[in-house]
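Structure record follows, encoded as structure tokens.
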Amino acid sequence: MTYIPDARPRRRAAPPRINATPEVERRLSQEKAARAHRQSRIRALLSRRNEAVAAAVAGGVPAAAVSAATGLKITEVKKTAKAFSESYVPELSREQHVAGLAALAEQLQTVIEAKESAERQLRADVVDVLRSGTMDVFRIAALTAVTADRLRELTRGTGLRSENFSSENFRLGS
């Protein structure tokens, strides 16, 4: 058998991709670090709040007052107080406990609102990029450290079609 170079089927070249603007790529990649920072901040505030709830209950503050200051249900206050029962701070008055709890609840609410706002912005950016075709879902997932499935959930109800998330569209040589 003789080798004939022209008889060999050739692979089709991948269609040229339009690159997203550097500003969009930068914003998507910065979102990854910002999201990790927000999550860490939320965990720290939740931990401080739970310890403060237990200390307040141990310090004699009624569960209803703690519930009003934190926005937690009374049953959640009681469960948290039992779980963190070693967090007693005897030198604080009831008013100081309630004021501290209210401040922690306000900080936590601020961080949660910032998280929700950032998620809305991420959703808008992802939808814009996918609609424009400048990046595929896997590039977005790599930049943001969000899985393709999570991106699909995030963009649900935006009118994007399922083929925007299909791996068949992004195979080399197709």
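The values are calculated or read from the model by the stated rules, or taken from the named source; none is laboratory data. Predicted, not measured: the structure shown is a model, and the values here were computed from it. Here Cβ is always computed from backbone atoms with ideal geometry, including for glycine, and neighbour counts include all displayed protein chains. Heavy atoms of the whole protein, side chains included, go into the accessibility calculation; ligands, DNA and RNA do not. Shrake-Rupley method; radii C 1.70, N 1.55, O 1.52, S 1.80 Å.
Return the residues of the stretch 52-62 that are surrounded by fewer than 17 Cβ atoms within 10 Å (Cβ to Cβ) and either at negative phi or among the basic types (Lys, Arg) (or both); say none if nothing qualifies.
The answer is PRO62, and nothing else.
Note down all Cβ pairs under 7 Å where the first residue falls in the stretch 94-115 and is farther than 10 Å from ALA52 by Cβ, the second is assigned to a helix (DSSP H, G or I) and of a type in the set (D, E, K, R), and they're at least six residues apart or on different chains.
Pairs found: LEU108/ARG49; VAL111/ARG38; VAL111/ARG41; ALA114/ARG38; LYS115/ARG38.
Provide a single number: the residues in the stretch 154-174 that are in a helix (DSSP H, G or I) and either modelled with pLDDT of 85 or more or exposed (fewer than 11 other Cβ atoms within 10 Å of the Cβ) (or both).
Number satisfying all stated conditions: 4.
Can we say ARG123 is surrounded by fewer than 18 Cβ atoms within 10 Å (Cβ to Cβ) and more than 25 Å from ILE42 (Cα to Cα)?
no
Residues are listed down the side, and each one gets a yes or a no for (1) charged (D, E, K, R); (2) at pLDDT 90 or above; (3) open to solvent by less than 40 Å² (accessible area, probe 1.4 Å); (4) not in a loop (DSSP other than H, G, I, E, B):
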residue	(1), (2), (3), (4)
ALA64	no, yes, no, yes
LEU72	no, yes, yes, no
THR75	no, yes, no, yes
ALA81	no, no, yes, yes
LEU92	no, no, no, no
HIS97	no, no, yes, yes
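Quick check on this structure: which one of LEU130, LEU104, LEU143 is out of contact with any strand residue (DSSP E or B) (no Cβ under 9 Å at 6 or more places or on another chain) and farther than 22 Å from LEU28 by Cβ?
None of the other options fit; the residue is LEU104.
For residues in the stretch 10-46 being outside any helix (DSSP H, G or I) and of a type in the set (S, T, N, Q), which is modelled with the lowest pLDDT?
The extreme case among them is ASN19.
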